[in-house]
Amino acid sequence: MIGLGLRQLQDAINRKADFIQKEFISLSERIDELGSLLLEVEDEDRQRFREDQKALREEQKGLAEEINIWRARARSVTAQPGQESLRNLLNDLLELEEEMIRPAIEHAIYLLDAPEDELAAMDTRLEPVQLSSVQRLLERARIEYDLRGSDTSVRLREAIAFVNRPGMAQDDEALAEIEAAVEDSDPLVRELAILTTAQLHRFRALRVADLDIVHASVQYLSRMTHPSVIPILVEILENPQTGFVIEEGETRESDNDRSRMVALLRLVEWHTADAKVAVRGRQFDRDEHIVKASDRARELFPGPWSGPLKSTGSLEKGS
C-alpha cells in the first residue's frame, strides 16, 4: 500500500515540475517576441528591450533550476533506504507548504503510519475488487492537483467528460453511486460529485425518450441546491420535446411540458437574472399553462431577480 502512495506522490511532484515547465515555455515565447520587436523599434527603445530580454532569461534560468530540483525530489521519493529517511523526506516536503502536492504527501504519511492490520485489510479490500468508474473519478478528486484547485470549471469539465462516456448516463448503478457521494466529507470531492450528478440528470432530462425517466431527473434537479443546475433548468425549460409514457401497460406519445413546468417553477425560486430571462422568454410558449405561469411570475416579481427567494430555504453554493 505504501508503494502505491509513494507512486501517487511521485506523480504529484512531477506534475508540479510540469507546471513550472509551462512557465518556462511561456517565458521562451516572450523572449522570442521581444527579439522580433527589436527589429522594429527605434534605437532608443532597443536597449530597454534588450534589458527586458536579459531579465526574462535570468528568470528562466531560475525556473530551470527549480524544475531540476522538483524532478530530483520526485526521484528521491522511491529511492529512500528506509522508513526513517522516508519519513524525514515526507516531513521536509510537507514543510514546503506546496498545495499542489500536499494531499499526496498527507496520504503517503497516513499509509506510513497506518497499523499493519489496517494495511492488510486495505490490501484485502483492494486486491480482489475492481474500482468502478465512479470510484476512480472520486479518487482522482482526492489526490490530483488539477481537480483540487479553486477553479470549479475544471471539475465541471471533468464531470461533462465523465457523463459523455458511452453508456454512462444510462447506468443506474453509476448514477446511484455518484448521487451518494454528494455527502462526501471532502468539499472538493463533494462538489465534483454534485456537478457530475447534475450532468447525468441533464443527459437524461434532455436526451431520453422515456418521459417518466425525464420527469424523475428534472424533479431531482429541482431539489438540488447548487447553482450549476440553473443553466440546466433553463435548457430544459427552453427545449420542448416529445417522447413516450406507459399508461395501463400501453405506450403512447406525449411531451415534456410537465417537466418544463417543474423547471420553470424552480427557476422562479432561484430568482437569478438568467432565470428571469428564461421565464420571461416563455410568454409565447406552446403550452398555455407555462405561458400563464410565466406571466404570473413576472407580475409577482417585476423587479430585478438577484438571488433565491427566502421561502425556498437555503440554496448554498457548495451544497
Farthest toward the dipole's positive end in region 209-319, which of Ile246, Trp270, Pro302, given Cβ charges of +1 (Lys, Arg) and -1 (Asp, Glu) about the Cα centre?
Pro302
Just grab the label-to-label distance for Thr78 and Lys61, each label 7 Å out from Cα along the Cβ direction, in nm (one decimal).
3.4 nm
With a 10 Å cut-off between alpha carbons and a GNM built on the chain, which of Pro240, Pro308, Pro81 moves the most?
Pro81
Honestly the chain on the Cα gyration tensor test (a ≥ b ≥ c root eigenvalues; a/c under 1.5 rounded, otherwise a/b vs b/c for prolate or oblate) is just oblate
First measure r as the distance between the Cβ atoms of Arg87 and Leu38, then evaluate 1/(1 + (r/R0)^6) with R0 = 41 Å and state the FRET efficiency to the nearest 0.05.
0.20
GNM of the chain, Cα pairs under 10 angstrom: of Ser28, Ser259, Ser133, the biggest fluctuation goes to Ser28
Please give the charge dipole size of the chain, origin at the Cα centre, charges +1 on K and R Cβ atoms and -1 on D and E Cβ atoms. Round to the nearest 20 debye.
640 debye
Calculate for the chain the 222 nm mean residue ellipticity that helices alone would give, adding -39,500 (n - 2.57) per DSSP H run of length 4 or more and normalising by residue count, nearest 500 deg cm²/dmol.
-22500 deg cm²/dmol
Spatially near lysine pairs across the chain, Cα under 20 Å, sequence gap of 8 or more or different chains
6
Give the calculated FRET efficiency between Ile25 and Glu248 to the nearest 0.05, with a Förster radius of 45 Å applied to their Cβ-Cβ distance.
0.10
Compare the Cα positions of His215, Tyr145, Ser228 along the charge dipole of the chain (+1 at Cβ of Lys, Arg; -1 at Cβ of Asp, Glu; about the Cα centre) and return the one farthest towards the positive end.
His215
Rounded, prolate or oblate: which fits region 209-319, taking a ≥ b ≥ c as square roots of the Cα gyration tensor eigenvalues, rounded meaning a/c under 1.5, else prolate when a/b beats b/c?
oblate
Name the residue from Leu39, Met168, Met261 whose Cα lies farthest towards the positive end of the charge dipole of the chain, charges +1 on Cβ of Lys and Arg and -1 on Cβ of Asp and Glu.
Met261
Charge tally for neighbours of Pro240 with beta carbon under 15 Å away, counting Lys, Arg as +1 and Asp, Glu as -1, is -3
Going by C-beta contacts inside 10 Å, put Leu37, Leu192, Leu56 in order with the fewest on the left.
Leu37, Leu56, Leu192
Highest GNM mean-square fluctuation among Ile178, Ile246, Ile13, for the chain with Cα springs under 10 Å, belongs to Ile246
Under 13 Å, Cβ to Cβ, from Pro304 - net charge with Lys/Arg +1 and Asp/Glu -1
+2
Fully extended, how many nm does the chain gain between Glu139 and Glu106 (0.36 nm per residue separation, minus their Cα-Cα distance)?
10.4 nm
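A short reminder: the numbers here are calculations on the coordinates, not readings from a lab. Fair warning: this is a prediction, and the values are worked out from it, not measured in the lab. We place every Cβ from the backbone using ideal geometry, glycine too, and count neighbours over all the protein chains shown.
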